[in-house]
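The values are calculated or read from the model by the stated rules, or taken from the named source; none is laboratory data. Note that the coordinates shown come from a computational prediction; the quantities given were computed from them, not determined experimentally. Using ideal geometry, Cβ is built from the backbone for each residue, glycine included, and neighbour counts are taken over all protein chains shown.
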Amino acid sequence: RFGVNVLRSDQEELARVFPQFLDFGYQIACRGGHGSKLWLGSVQCNLSQVICPSSTMTEAPPADRGRDPVELARRLDVPGDATTADSRHPDAAACGHFNIRIARDGTWFYHGSPITRKPLVQLFARVLRRDDSGRFLLVTPVECGFIDVDDAPFTAVALSVSGSGRAQCLAFRTNLDEEIVAGPDHPIRVVENATTREPSPYIRVRGGLDALILRPVFYELVELGTTERMDGAEAFGVWSEGQFYPLGRPE
């Protein structure tokens, strides 16, 4: 642990933007930190050192601050309790690019470096949306910017099953610990590569945002699959919440 006295305004600002990271009384508390003094003035400290302390607590050089994802979160003024992107945002034509990329495996990169702290990724994901042209943006009331997504912005990493037959319920957990139950609001779809014929399965998370169902989880789905006659033809798929989702052609 380490502690430094901070101004009340600084406490309130940090608590508002990063409530899940920091606890306030008369000092900042940081798990696993090392004793060190840290200058705080109008929240100009390097917050990544507070959240992810190293063996030496030092303020980041000014040139490095532009590449700190925590600084980006502070600049965006991401609401700590946001669950969906705020509809009040600048015109998309005025949006720049945040130099964020989401890889196919769900890893988020900022300026080419992986963002390894899940709470920070979850913070960005809360304000992620997709526009009518299919582009991905981070949107807040004060700023918006495009990001690159290699495939889908999320991955489905675990599956739990309850019930059976048409009453079966398939619940997925994403790489950001969001629980989704396949059903009318969260359909499953499978896209087949025209060249390799490899299937890419997805489940809708929200608002045009999908999770790529990882291969081990897809194999579990296949094990649960049944053959049904749909529209005069046989289809192989799974039931969830009374809906049938084709997974591919029956063997």
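Looking only at segment 136-190, residues that are touching a Pro at 6+ places or on another chain (Cβ under 7 Å) and of a type in the set (D, E) come to 1 in all.
Table: residues versus (1) among the aromatic types (F, W, Y); (2) touching a Phe, Trp or Tyr at 6+ places or on another chain (Cβ under 6 Å); (3) at negative phi.
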residue	(1), (2), (3)
A158	no, no, yes
C169	no, no, yes
F172	yes, no, yes
I180	no, yes, yes
V190	no, no, yes
R197	no, no, no
D210	no, yes, yes
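The criterion of at least 3 residues that are more than 30 Å from E192 (Cβ to Cβ) and at pLDDT 90 or above is met by none of the strands (runs of 3 or more DSSP E) wholly inside segment 100-154. Report yes if L224 is closer than 14 Å to G248 by Cα, out of contact with any Gly (no Cβ under 7 Å at 6 or more places or on another chain) and among the aliphatic types (A, V, I, L, M), otherwise no. The answer is yes for L224. Among residues of segment 184-203 being closer than 13 Å to E241 by Cβ and surrounded by 17 or more Cβ atoms within 10 Å (Cβ to Cβ), the one that is farthest from the chain's Cα centre (by Cα) is I188.
Residue check: D150 meets all listed conditions (1) under 26 Å from W239 (Cα atoms); (2) surrounded by fewer than 19 Cβ atoms within 10 Å (Cβ to Cβ); (3) not small (G, A, S) but one, namely (1).
In segment 181-210, what residues are touching a residue at least 24 places away in the same chain (Cβ under 8 Å), under 17 Å from D151 (Cβ atoms) and among the hydrophobic types (A, V, I, L, M, F, W, C)? If the condition is that a residue be touching a residue at least 24 places away in the same chain (Cβ under 8 Å), under 17 Å from D151 (Cβ atoms) and among the hydrophobic types (A, V, I, L, M, F, W, C), then I188, V190, I203, V205, L209 are the ones that fit.
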